[in-house]
Amino acid sequence: MQNVKTPKKLIEVALPLDDINAASAREKSIRHGHPSTLHLWWARRPLAAARAVIFAQMVNDPGGDRGYAPGMTKAQAQLERERLFGIMRRLVTWENTNDGTVLAEARAEIIKSWVEICEQNKSHPQARELFAPARLPAFHDPFAGGGALPLEAQRLGLESFASDLNPVPVLINKAMIEIPPIFAGRRPVGDPLPSDQQMDLSENWAGTAGFAADVRRYGEWVRSQALECIGHLYPSIDLPSELGRGKATVIAWIWARTVRSPNPAFGHAEVPLASTFILASKPGKEAYVEPVVDGDSYRFEIRSGKPPASAKSGTKVPGKGSGFVCILSNTSIDGKYIKEEAQAGRMGVKLLAIVAEGQRGRIYLPPSEEHEKTALQAKPEWVPTQELVGKARDQMPLYGMNTFGDLFTSRQAATLSTFSDLIHKSRQKIAVDAAAAGMDDDPTPLRDGGRGAVAYAEAISVYLAFIVEKMAETHSSLCTWSNAPKNELVVSTFRRQAIAMTWDFAESNPFARSSGSVEKITEAICRVLPTSIPASASGSSSQANAQAQSITAGKVVSTDPPYYDNICYADLSDFFYVWLRRTLRPVFPDLFATLSVPKLEELVASPYREDLKGQAEEYFLSGMTSGMRQLAKQAHPAFPTTIYYAFKQSDTTDLGTGNTGWETFLEAVLQAGFAITGTWPIRTERDARSIGIGANALASSIVLVCRQREANAPSISRREFLRELKEQLAEAIEVMIGGSEGVSPVAPVDLAQAVIGPGMGIFSKYAAVLEADGTEMTVHTALTLINRMLVEGEDDFDSDTQFCMSWFDEQGWAAGDFGKADVLARAKGTSVERVRQAGVALASSGKVKLLKPLEYPSDWLPEKDNNTPVWEALHQLIRALRAHGEAAAGSLLARMPQRAEPIRNLAYRLYTLCERKGWAEDARAYNELITSWASIDAASHEKGHIGSQADLDI
Ligand SMILES: C[S@@+](CC[C@H](N)C(=O)[O-])C[C@H]1O[C@@H](n2cnc3c(N)ncnc32)[C@H](O)[C@@H]1O
């Protein structure tokens, strides 16, 4: 591309990371109206992060290329940046998701930057197509998944394109960005529901309100029709006299799978495999199943009150594994026997308990023979026969379940297929109603650009199909009953990213009013539309393999590709696809042409794919490189491309974030011709302080900011690379941990990831870094060198502190050999005696050991101590913080204000060291100090600084 003038974007300079992270974390707990409630998809990015990243990728940094724009001082540029951060802070707040004023402000800023770019490039030979000020570039995400990124681009005013290999997310994106703008602003056409009639007649049908009302109305139509067809499969239950008699609606039937007793004397009996007998564990309201054995038969009774300890594990042998005992003979039933029985078609089910709706909460009742019979006699019209493959095949075939149909009871399959059939029927009804309500009677289908009654009916049926999808999720025989105090409910199929066996399962009543009921599901889906779907600029979603697509041409790209071997989307999503295909094939025949989701081209280093055995890494690298190349080649040249990569905790090694997936991914990005101009750790967990370095400690994902590498980029030697790293990385780390003006400092847990940005920025701007033997340096080596800089840093601490750092690195808090300590101390320019006198170490009986923070004296006054290594000051602060909180630490800091920066730097360094060593407890202490730093600093100012200068020995 010839000479495009492209000012630096905000995302290449600074971000209000704390605010983005806080909003992203908060979003996790928002369910009502969040797009994720439309349809399950795995590894969704938070909308707040997606919105902030795209905004900062579109808006010019006020500083310009040389630190500040011509005519603007550095301070003015910073002020302007702070104004943009203000917009971003409002923009990421969940409550502002569809706030017209906030969005207008953000869109105006994007347009302003765009006009500036067009002005700069007005003499470009392709100015008319690439730089038309009145036409913002469109957006594309080629790995769209659950659609957070295309949705947020649309919200920011860009025409938005989503594509994915998998038909399920293609459809989710149609429902989020393609369909809503087409039918926005219309009155609903369906018969009002009783609840609608209470509404104001002058109802405002702006945005998706009218469309959502029709989804609700036809959802109710489908539900009432289904009740007529299959209501008899879900009988109510007679209450016993102690519960007031009468009938109660059943919420769920709880079943246990069964096998024949392995004891020959009881070989004729089917015995239950129940992993628990507890039904409700809320203190004071406990309920449990008590099996009553009578000779060679048994029955289940329900008891209230504190359950016996044995109830917790049902008939299961406590602990891991799949061992049970026969309820009749106490004979053990091992996993091998269960599998053999199941594979021979001899695994059955037995009703354990019935949960009904009571006046004041759940009622637990014993199984009824009639109810058991009703359920087992159900005859489905249709059952999915597609085989489980790959990751979905992991467990279930061991238990004789080989097809998706096997994951549902016959009653569940009958219900799902009835709803699916009724949605076909509803399309005809909606089209007739729409035409009668004055909509164009145009027969053109939605897929061919239809905008009339037929297309409208098809569009509504997409959301009705999502009701069936949610039902499949909560109406399979893999759903469990949660007996948790606050959650006595049916838990959905996908408790994790897998299709996992359950011994006992809960079958919901779709016609009840609890979670999993059609009424609740419909409401949740309808709520998403007006709450979080913008329905503004136009959108388009299509099926495309990211390795060979041309949709990106001239568009701005932000994308979130699959993470190596993390999730086998295609294998798992067949669970949904089989029902979607049955319900929507006439609407999207091409999208649902194949019997199951395409798998071969999916970019996952899947350990489950036979054809990839031993080659998964190469497959991922070459496929991802092709995908990335499409982006580097086609994306709009005036904007950086942003790419997300999500980490698992297990990705952490002593290289910081080094792991096969991450390195392979970076390799692909660089091989594709991208240079990295920034990295931002995005955290979706709640609070860095409470996390430590246990599970989920790392920022959940990292956003890479990439630009096409200069075509004539030179190669450099390893030595030159190291020199540049040393020169630039130290300064970059300083900025990150100090928090350059207006920017919050990077949390210690994120530093190893954040530093990859500037480090890889240096590595990736060259065509190659050449090793002494002429070979090209690998990403692995580059990452190792970058990380080493982080741990080693510049040795600018006092010599006692340097000794302590090295001794700590070797010994931790344990005592070590005096001789060794002595040699080390000399090398650092101090002595063991001096360090001991400084009060940071104990030396006796030929051993030397560092004091732990809580071993330091609590009456220490820095202004009275004329030998205070930074090490001592830091650990005294940690002592004060841990023992008495931020105010006490602040008071201490107020007595040594000039120590603040070295203390903080040392805390970062020690945090990084502890993290490498896996010393979680110690890392947490340093992390706590840094994350509390702002409050400690504020407390120190409140106290008033004293004893500054001179008397301290830095
Ligand atoms: C990490 S997910 C995207 C999640 C999304 N950003 C969200 O917020 O929900 C990655 C997506 O890449 C898709 N994918 C995998 N291989 C692909 C390929 N070859 N072409 C296009 N999409 C692919 C998967 O189907 C999956 O939806």
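Figures for the structure shown
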read-out: From K852, K864, residue being in contact with a His (Cβ under 9 Å, 6 or more places away or on another chain) and open to solvent by 30 Å² or more (accessible area, probe 1.4 Å); value: K852
read-out: Sole residue being within 12 Å of the ligand (Cβ to nearest atom) and within 24 Å of D406 (Cα to Cα), chosen from S596, S573; value: S573
read-out: Helices (runs of 4 or more DSSP H) wholly inside region 771-837 that include at least 1 residues being in contact with a Ser or Thr (Cβ under 6 Å, 6 or more places away or on another chain), polar (S, T, N, Q) and at pLDDT below 90; value: 799-811
read-out: Failed item, numbered, when R26 is tested on (1) within 16 Å of the ligand (Cβ to nearest atom); (2) among the basic types (K, R); (3) touching a Phe, Trp or Tyr at 6+ places or on another chain (Cβ under 7 Å); value: (1)
read-out: Residue in region 39-62 that is farthest from the ligand (Cβ to nearest atom), counting only those that are out of contact with any Leu (no Cβ under 9 Å at 6 or more places or on another chain) and assigned to a loop (DSSP other than H, G, I, E, B); value: L40
read-out: Check on A524, surrounded by fewer than 24 Cβ atoms within 10 Å (Cβ to Cβ) and within 16 Å of the ligand (Cβ to nearest atom); value: no
read-out: Matching entry among S476, S461, S540, S515 (being assigned to a strand (DSSP E or B) and either touching a strand residue (DSSP E or B) at 6+ places or on another chain (Cβ under 9 Å) or open to solvent by less than 10 Å² (accessible area, probe 1.4 Å) (or both)); value: S540
read-out: Filter result (within 9 Å of N60 (Cα to Cα) and aliphatic (A, V, I, L, M)) within region 104-123; value: I110, I117
read-out: Residues of region 543-569 satisfying the condition of being within 11 Å of the ligand (Cβ to nearest atom), modelled with pLDDT of 95 or more, among the hydrophobic types (A, V, I, L, M, F, W, C) and surrounded by 24 or more Cβ atoms within 10 Å (Cβ to Cβ); value: A546
read-out: First in region 152-165 and over 17 Å from A635 (Cβ atoms), second anywhere and within 14 Å of the ligand (Cβ to nearest atom) and among the aromatic types (F, W, Y), Cβ under 7 Å, 6 or more apart; value: D164/F143
read-out: Breaking point among (1) under 25 Å from the mean Cα position of the chain (by Cα); (2) assigned to a loop (DSSP other than H, G, I, E, B), for P192; value: (1)
read-out: Any hit, region 660-669, residues being of a type outside the set (D, E, K, R), more than 16 Å from the ligand (Cβ to nearest atom) and at pLDDT below 95; value: yes
read-out: Index of the failed condition, A843 passing every other in (1) touching a residue at least 12 places away in the same chain (Cβ under 8 Å); (2) of a type in the set (G, A, S); (3) assigned to a loop (DSSP other than H, G, I, E, B); value: (3)
read-out: Tally of residues being out of contact with any Gly (no Cβ under 6 Å at 6 or more places or on another chain), assigned to a loop (DSSP other than H, G, I, E, B) and free of Cβ contacts under 8 Å to residues at least 60 places away in the same chain across region 442-458; value: 4
read-out: Counted residues, region 159-191 - those being within 16 Å of the ligand (Cβ to nearest atom) and over 14 Å from Q543 (Cβ atoms); value: 4
read-out: R260 being in contact (Cβ under 8 Å) with a residue 60 or more places away in the chain, open to solvent by 30 Å² or more (accessible area, probe 1.4 Å) and touching a Pro at 6+ places or on another chain (Cβ under 8 Å); value: no
read-out: Near pairs, Cβ below 6 angstrom, 6+ apart or cross-chain, from region 488-499 (in contact (Cβ under 8 Å) with a residue 12 or more places away in the chain) to any residue that is of a type in the set (D, E) and open to solvent by less than 30 Å² (accessible area, probe 1.4 Å); value: S492/E473; T493/E473
read-out: Residue satisfying condition, being over 22 Å from H475 (Cβ atoms) and within 37 Å of the chain's Cα centre (by Cα), within set S261, S281; value: S281
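The values are calculated or read from the model by the stated rules, or taken from the named source; none is laboratory data. As the structure is a computational prediction, the values presented were derived from the model and not from experiment. For neighbour counting, all protein chains shown are included, and Cβ atoms are generated from backbone atoms with ideal geometry for every residue, glycine included. Surface accessibility is based on the protein's heavy atoms, side chains included, excluding ligands, DNA and RNA. Shrake-Rupley method; radii C 1.70, N 1.55, O 1.52, S 1.80 Å.
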